[in-house]
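Below: the structure, in structure tokens.
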Amino acid sequence: MPRVTACSTLAFALSSLQTALEHIAGYGFDRVEIADMLTHTKHFSTHSSRTVDPVAVRELLKQNGLTPVAANCALVTFYQDGLGFEKVAAPQQSAAERDDVRKAKENIVFYKLHEPTQAEAYKAQASAHLDNLSVVGVPVVCLNVGRRVQMKDPDAEFGRPQR
């Protein structure tokens with residue numbers, strides 16, 4: 001019979017990491033998954049304006065008696081002209097989504113890993129992220145790479161013959 005052994009900070013998407021960890025510990029969990037989705041659940045970012053100190057995160061976990069078991073992070077970037085990025089409208093995924101989250105989603109782009117320049121940027125960001133998560137002591141990491149509906153025409157994008 002499956003049993004719940006950990007809680008994700010994603011459950012506290014609109015709270016700070018400190019608040020999320022305090023609540024998770026308060027509910028009696030001793031294990032936690034750290035989530036960061038860039039536009040919400042801003043709990044472990046490698047983006048410059050929100051970069052976290054992994055040593056401080058490790059201390060927060062210790063203060064709350066929590067052991068990290070995994071991290072679930074979206075590695076995306078912000079749209080910039082001239083870098084070959086393509087903006088694709090992100091659907092509203094929740095009725096609870098705030099206006100600031102919707103607005104932020106208008107300017108995020110997922111890397112296209114089949115394009116060498118974007119693949120290199122993704123690898124650099126992933127490497128920095130993994131280094132920081134290692135300092136925290138996170139043993140398992142899931143790095144999201146894109147949305148299924150990101151490409152307008154996948155066949156053309158990958159150079160496949162039209163069906």
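Every number here is computed from the coordinates shown, using simple stated rules; none is lab data. Since we're looking at a predicted model, the values are computed, not measured. Here the Cβ positions follow ideal geometry from the backbone for every residue, glycine too, while neighbour counts run over all protein chains shown.
Just to confirm a number: summing +1 for Lys and Arg and -1 for Asp and Glu over residues other than VAL4 whose beta-carbon lies under 15 angstrom from that of VAL4, what do you get?
Summing Lys/Arg as +1 and Asp/Glu as -1 gives 0.
Modelled this way, with points 7 Å down the Cα-to-C-beta line, the labels at ARG58 and ARG98 are 3.1 nm from one another.
When Rg and the Kirkwood radius Rh are both evaluated on Cα atoms of the range 1-46, their ratio Rg/Rh stands at 1.00.
Among 67-77, 123-133, 15-25, 1-11, the peptide with the highest mean count of other Cβ atoms within 10 Å heads the list, and the full ranking is 67-77, 15-25, 123-133, 1-11. Close amide H partners of ARG31, meaning residues 5 or more places away or on another chain with modelled amide H under 5 Å apart, are CYS7, THR67.
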